[in-house]
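Participant: To start, I am sharing the structure in question, which I have written as structure tokens.
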Amino acid sequence: MESETLSTSAVAAAAGLSESWAWKARDQGVLHEPHFEEEVVALRVYAFVSQIVWPGTRRPRSARQDLELWQQSAVEAARQAASDSSTTPETALWVLEDSVHLVTTPADRAAFDLKTLGGRVAFRIPVGMWIADLPNAITALASRRRRGAGSKPAA
């Protein structure tokens, strides 16, 4: 992956999220400056896991929602997957209430299912697909920046 730095707004745009997600992630220590491409995937995972409420857990909407350890682990695993050469479009991040797991091959998925899931509640996040889509998302940002290059400034 290239080492182009991105603004916080660009990270949100590349992730397909509103800027408010990026600012919230920055305020909670999820996004660190300077922002690189792996932050796009980290932000997408953050937006996903920060909304999970496990069965039997109460969480008032009005209370401040600090990230729990499993949520922090999920974001960090996604960030690491973005720079891991063994990551493929089939790589998935499995999020359980007490752990996270990156699974890449069908054999790994079968072993994970048999050994770890066993009827437990889990979420599968397609980080491999998101990582594979990063070049297109970054290219789309570049085309957005070029708009109006020949236009006159507003009076």
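Participant: Is segment 1-137 best put as rounded, prolate or oblate by its Cα gyration tensor, with a ≥ b ≥ c the root eigenvalues, rounded for a/c under 1.5, and otherwise prolate when a/b is larger than b/c, oblate when not?
Facilitator: In terms of gyration-tensor shape, oblate.
Participant: Using only the alpha-carbon atoms, how far is helix 134-146 inclined from the longest principal axis of the chain? Give it as 0 to 90 degrees, nearest 10.
Facilitator: On a 0 to 90 degree scale, this one is about 20.
Participant: Here's a follow-up. What is the calculated FRET efficiency for residue 5 to residue 86, with r their C-beta to C-beta distance and R₀ = 25 Å, to the nearest 0.05?
Facilitator: 0.50
Participant: Same structure, new question: Could you pull out the chymotrypsin sites (Phe, Trp or Tyr not before Pro) across segment 50-146 that fall in loop regions by DSSP (anything but H, G, I, E, B) with no more than 12 other Cβ atoms inside 10 Å?
Facilitator: Counting only loop positions with at most 12 other Cβ atoms within 10 Å, none of the chymotrypsin sites (Phe, Trp or Tyr not before Pro) in segment 50-146 qualifies.
Participant: Rounded to the nearest 0.05, what FRET efficiency is calculated for residue 97 and residue 139 with R0 set to 41 Å and r the Cβ-Cβ distance?
Facilitator: 0.65
Participant: Report the full-extension gain for the segment residue 52 to residue 76: residue separation times 0.36 nm, less the Cα-Cα distance, to one decimal in nm.
Facilitator: 7.0 nm
Participant: If you roll a 1.4 Å probe over the chain with all protein chains in place, what percent of the accessible area is carbon or sulfur?
Facilitator: Carbon and sulfur atoms account for 51 percent of the accessible area of the chain.
Participant: Oh, and also: Pop out the ³J(HN,Hα) list for segment 32-40 in order, Karplus 6.51 cos²θ - 1.76 cosθ + 1.60 with θ = phi - 60°, rounded to Hz; leave Gly and Pro as x.
Facilitator: Result, ordered by residue: 10, 7, x, 8, 10, 4, 5, 5, 4 Hz.
Participant: Please give the charge dipole size of segment 65-144, origin at the Cα centre, charges +1 on K and R Cβ atoms and -1 on D and E Cβ atoms. Round to the nearest 20 debye.
Facilitator: Magnitude of the dipole: close to 220 debye.
Participant: Take the alpha carbon gyration tensor of segment 66-135, find the square roots of its eigenvalues, order them as a ≥ b ≥ c, and report rounded if a/c is under 1.5; if not, report prolate when a/b exceeds b/c, else oblate.
Facilitator: oblate
Participant: Any idea of the accessible area per residue across segment 1-132, 1.4 Å probe, to the nearest Å²?
Facilitator: Counting only protein heavy atoms, the per-residue value for segment 1-132 is 56 Å².
Participant: In terms of the Cα gyration tensor, with a ≥ b ≥ c the square roots of its eigenvalues, is segment 34-93 rounded because a/c is under 1.5, prolate because a/b exceeds b/c, or oblate?
Facilitator: It is prolate, given that a/c is not under 1.5 and a/b is the larger ratio.
Participant: Pick out, from 140, 88, 31, the residue whose Cα sits farthest towards the positive end of the charge dipole of the chain, with +1 on the Cβ of Lys and Arg and -1 on the Cβ of Asp and Glu.
Facilitator: Most positive-ward Cα: 140.
The values are calculated or read from the model by the stated rules, or taken from the named source; none is laboratory data. Keep in mind it's a predicted model, so treat the numbers as computed, not measured. Positions of Cβ are backbone-derived with ideal geometry, glycine not excepted, and every protein chain shown enters the neighbour counts. Heads up: the accessible areas ignore ligands, DNA and RNA and are worked out on the full protein's heavy atoms, side chains in. Shrake-Rupley method; radii C 1.70, N 1.55, O 1.52, S 1.80 Å.
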